[in-house]
1. Taking the Cα of A:ARG73, stepping 7 Å toward and past its beta carbon, and measuring to each backbone N in the range B:172-190: which are under 12 Å?
2. Suppose every K and R has +1 on its Cβ and every D and E has -1 on its Cβ; what is the size of the dipole of the range A:1-78 about the Cα centre, in Debye to the nearest 20?
3. Roughly how many debye, to the nearest 20, is the charge dipole of the range B:38-128 about its Cα centre, given +1 on each Lys and Arg Cβ, -1 on each Asp and Glu Cβ, and no other charges?
4. Got a sec? Charge dipole of the range B:38-128, +1 on Cβ for Lys and Arg, -1 for Asp and Glu; which of B:VAL120, B:ALA51, B:SER106 is way out at the positive end?
5. How much length would be gained if the chain were fully extended between B:LEU164 and B:ARG97, taking 0.36 nm per residue of separation minus their Cα-Cα distance, in nm to one decimal?
6. Which residue, chosen from B:LEU65, B:ALA91, B:GLY79, occupies the Cα position most advanced towards the positive end of the dipole of the range B:38-128, where the dipole is computed from +1 (Lys, Arg) and -1 (Asp, Glu) charges on Cβ about the Cα centre?
7. For the range A:1-78, report the translational diffusion coefficient in µm²/s to the nearest whole number, using Stokes-Einstein at 37 °C, 0.692 mPa s, and a Kirkwood Rh over Cα pairs.
Amino acid sequence: MTQDRDKMSCQEFQAQLPELVGSGQDLAAHPHYQSCALCRALLAELETIAEAARQLFPSVEPREDLWKQIESRMNDEEGADEPPATGASLPE
Amino acid sequence: MSRFSSPTLPPDPSSHGNDEKISSSSTIHKNANPGPLTSPSPVETEALSRAQAGDHRAFAQLYSLHKRRIYSLCLRMVGNVAEAEDLTQEAFLQLHRKIGTFRGDSAFSTWLHRLAINVVLMQLRKKGLSLVSLDEVMEPTPEEGPGRSFGAPDLSLMGAIDRLALERAVADLPAGYRIIFILHDVEGYEHNEIATMLDCSIGNSKSQLHKARLKLRDALRVHSTQETQP
């Protein structure tokens, strides 16, 4: 198995991808990337997925009454002999 | 330095909420997610100070300010509404117990975000998920090795990705992969931060993220093939 960047096989290049991608190196300058259409396509697809992930999962509200549950547990934990601390309603 | 020390407001991810297809970008990947930090407002600072003194109304205010972000984080990480609600509840109860220990060394929102992640991870470990041992379990099998990626590129992935298909594929990832993918690609944490949170090596974090993306690619290719069949 060769680790010469100029003579790297696809398998060797792909085995190094986690480190190459994770370190933020400019892969476009890698000799194997420049010479191999399949590996370029693979990387482009992975980049597309990573990019799409950032637009995924719009933030959502929890159900309205979750606060009541949390407050009830807070009161339980603070002890029954203390006066109820709130009745704190959620601010508008 | 972590990007989370930057006091910039993140864009509202819900602005993409109605797009079923997500346009791709072919730029070389470098995570640009601004991460979980929000600038502390005077309202938050005041509420924090009063909540630390035991004021439940102020705590309710903190809940209102952060519930959306924390619930969304939990939902992304576990992919289940009921479980995400339980974890959100547990995160705010932990906050209630620990709020007096917050000293302002980091932004409150960052501190709370980390606290919530720890709650989720603790829960997953209780359920028997060992994030570290997953490294061993998920070493590539012969058919999953690096060479498996040969084959014609799937051009459908190059144009647009079906949002629902991607969300489903993420939800179907093994938990260890999913968590690292969410923390890195969605929440914007760096590998060194993830390694610290998960108590694994930076190399493992990189490796699992890469494998997660490969799995997602495979899942999306299957989805794409099914969609194009008559």
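Just so it is clear, none of the values below were taken in a lab; they were calculated from the coordinates. None of these values were measured; they are calculated from a predicted model. Positions of Cβ are backbone-derived with ideal geometry, glycine not excepted, and every protein chain shown enters the neighbour counts.
1. none
2. Values: 7 positive and 15 negative charges, 103 e Å.
Magnitude of the dipole: close to 500 debye.
3. Values: 13 positive and 8 negative charges, 45 e Å.
Magnitude of the dipole: close to 220 debye.
4. B:VAL120
5. Values: separation 67, 0.36 × 67 = 24.12 nm, distance 3.75 nm.
Here the segment from B:LEU164 to B:ARG97 would lengthen by 20.4 nm.
6. In the range B:38-128, that residue is B:GLY79.
7. Details: Rh = 16.3 Å.
Reported coefficient: 202 µm²/s.
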